[in-house]
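Participant: Questions regarding the structure given below will be posed in turn.
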Amino acid sequence: MENYNQLSIEDGEILVKTSRIIVTEFLKNRTKIALDRKFESNFSFNSGIFVTLNNALGLRGCIGFPHPKKKMLDVLIEASVSAAFEDPRFPPVKSEELDQITFGVTVLTQPEEIHVLDPKTYPSKIKVGRDGLIVKNGFNSGLLLPQVPIEYSWTEEEFLGHTCEKAGLPWDSWKDKETKVQKFEGIVFKEEIPKGKVIKEEL
């Protein structure tokens, strides 16, 4: 496999189940597992990845790497461990929680800057249900995955506003000419229930 577009549901199932194995192993031994040669050969292309953990109350952890600077297998290990144990919004996951948590893996395309003459036209350049967003201004940066605005039924304008807030910026900072907006697409694979069937989420 050479790129994002060749991922199948079977590949997604492997990614999600491997993410769970990575977290389980880290809980047991505090070590990051070495993935086998078959996994290494199948997922050897560079890719951005986010790992998302959810429980009955909602989000339990979400960490990732948007830019394809490393091979997928390496990024999956880093993102899985970080989402479970290093998300500053949540305490580290405990062993007794694993059976109540669903795992999800989002594979990202290369983020691309949206070029506009008038920032007010940004909403017409993005599409809820297809795009994820990165907003940058100065040292501030925020990212929201493509599935997030679907979950909350946001409009394109609301999506931009919430991404600005994620960056620690005022809601309407996307209208500032100093603000840079990037978009990317993602394929979302996730468990329907904890340790259950893995599906490809249709955005």
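Participant: Among (i) 29; (ii) 9; (iii) 17, which is the computed percent of Cα pairs over 32 Å apart?
Facilitator: (iii)
Participant: If exposed means no more than 16 neighbouring beta carbons inside 10 Å and the site is in a DSSP loop, what's the longest run of the chain without any exposed GluC sites (Glu not before Pro)? Present the calculation step by step, with values, prior to reporting the outcome.
Facilitator: On the way: sites that count: E2, E86, E178, E192, E202.
With a cap of 16 other Cβ atoms within 10 Å, the longest stretch comes to 87-177.
Participant: Just to confirm a number: summing +1 for Lys and Arg and -1 for Asp and Glu over residues other than W174 whose beta-carbon lies under 14 angstrom from that of W174, what do you get?
Facilitator: Values: positive: K120, K125, K136, K166, K175, K177, K180, K183; negative: E113, D118, D131, E156, E157, E158, E165, D172, D176, E178.
Local net charge: -2.
Participant: Still on this structure, I have one more. Between T24 and E178, what is the spin-label point distance in nm, taking each point 7 Å from the Cα along the Cα→C-beta axis?
Facilitator: Here the modelled spin labels are 5.0 nm apart.
Participant: Can you work out ³J(HN,Hα) from phi for every residue in the range 51-56, in order, using Karplus 6.51 cos²θ - 1.76 cosθ + 1.60 and θ = phi - 60°, giving whole Hz and x for Gly and Pro?
Facilitator: For the range 51-56, the Karplus-derived couplings read 10, 10, 10, 10, 10, 4 Hz, x marking Gly and Pro.
Participant: Still on this model: Only counting other Cβ atoms within 10 Å, I'd like I101, I9 sorted with the fewest neighbours first.
Facilitator: Working: I101 19, I9 12.
Lowest count first: I9, I101.
Participant: As an exercise, identify the trypsin sites (Lys or Arg not before Pro) in the range 41-100 lying in DSSP coil whose Cβ has no more than 16 other Cβ atoms within 10 Å.
Facilitator: Working: sites: R60, K69, K70, K71, R89, K94; in loops: K69, K70, R89, K94.
Here the trypsin sites (Lys or Arg not before Pro) that fit, given the DSSP loop and packing criteria, are K69, K70, R89, K94.
Participant: A further question on this structure: Give the Cα extents of the range 125-174 along the principal axes, in whole Å, largest first.
Facilitator: Reported extents, whole Å, longest axis first: 28, 19, 14.
Participant: Same structure, new question: Can you compute the modelled spin-label distance between K127 and Q6, with each label point 7 Å from Cα toward Cβ, in nm?
Facilitator: 2.5 nm
Values in this text are rule-based calculations from the coordinates and carry no lab data. The structure presented is a predicted model; accordingly, all values stated were derived computationally and were not measured. Heads up, the Cβs are rebuilt from the backbone with ideal geometry, glycines too, and the neighbour counts pull from every protein chain shown.
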